[in-house]
1. Are any of the pairs 64/138; 46/142; 50/138; 61/86 more than 28 Å apart by Cα-Cα distance, and if so, which?
2. Can you work out D for the range 61-131 in µm² s⁻¹ from Stokes-Einstein, where Rh is the Kirkwood radius over C-alpha pairs, the temperature is 20 °C and the viscosity is 1.002 mPa s?
3. So which GluC sites (Glu not before Pro) in the range 36-144 end up in coil per DSSP with only 13 or fewer other C-beta atoms within 10 Å?
4. Give the long-range amide H neighbours of residue 122: residues separated by 5 or more places, or on another chain, with amide H under 5 Å away, using H modelled in the peptide plane at 1.01 Å from N.
5. List the aspartates and glutamates whose Cα sits under 19 Å from the Cα of residue 129, skipping any in the same chain fewer than 8 residues away.
6. Would you kindly state how much longer the chain becomes between residue 98 and residue 142 on full extension, computed as 0.36 nm times their sequence separation minus their alpha carbon distance, in nm to one decimal?
7. What does the extension gain come out to for residue 119 and residue 79, with contour length at 0.36 nm per residue minus their alpha carbon separation?
8. Mind listing the phi-derived Karplus ³J(HN,Hα) values for the range 108-115, rounded to whole Hz, using 6.51, -1.76 and 1.60 with θ = phi - 60°, and x for any glycine or proline?
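Values quoted throughout were computed directly from the atomic coordinates according to the rules given, and no laboratory measurement underlies them. No experiment lies behind these values; they were computed from the predicted model shown. Here Cβ is always computed from backbone atoms with ideal geometry, including for glycine, and neighbour counts include all displayed protein chains.
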Amino acid sequence: MTLLKSNGNLIPFGMDNFFADDFFNNQWLEKKLKHTLPAVNIKENKNEFKIEFASPGFTKKDFKIDLDQDVLTVSAEKDKEVIEEKEDYTRKEFSYNSFSRSFTLPKTVNAEKIDAKYNDGILKLSIPKKESTKLLPKKEIKVV
């Protein structure tokens with residue numbers, strides 16, 4: 001094994017990058033999580049919040065949406081097993097895909113009327129606001 005002297009220590013060649021500071025920084029972790037968590041769009045208008053999850057490959061029954069106090073958790077789990085049997089061999093492949101995302105909702109939402117729809121790989125949540133907390137249009141007040 002070839003050894004490389006780095007920072008006064010002997011480490012196996014090729015392992016010096018593994019222990020470098022930038023390996024464990026947030027960018028590395030963010031890149032890894034980017035591939036496991038679905039992309040999310042969050043929009044707010046005067047009547048509601050809308051959350052969209054890019055989650056292709058799932059079906060409606062794969063999703064679980066929970067609301068505990070003011071924390072909304074959206075998760076999905078999918079198991080798949082492929083078995084191919086031929087005359088002289090059997091091939092088995094398993095795949096597993098899952099995610100879980102949680103959001104703290106403001107006190108202004110009407111939790112009883114949250115709606116979810118899944119179509120073409122996009123999970124769409126509609127979270128209406130309570131009537132008393134909807135944004136009012138801008139109003140100019142004249143000084144008299």
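1. Working: 64/138 38 Å; 46/142 24 Å; 50/138 22 Å; 61/86 32 Å.
From the list (64/138; 46/142; 50/138; 61/86), the Cα-Cα distance tops 28 Å for 64/138; 61/86.
2. 143
3. Numbers: sites: 44, 48, 52, 77, 81, 84, 85, 87, 93, 112, 131, 140; in loops: 87, 140.
Here the sparse-neighbourhood loop sites are 87, 140.
4. Here 55 satisfy the definition.
5. The qualifying aspartates and glutamates are 44, 48, 52, 66, 68, 70, 112, 115.
6. Result for the pair: 10.3 nm of gain on full extension.
7. 12.4 nm
8. Per residue, the Karplus-derived 3J(HN,Hα) values read 7, 8, 9, 4, 5, 10, 5, 10 Hz.
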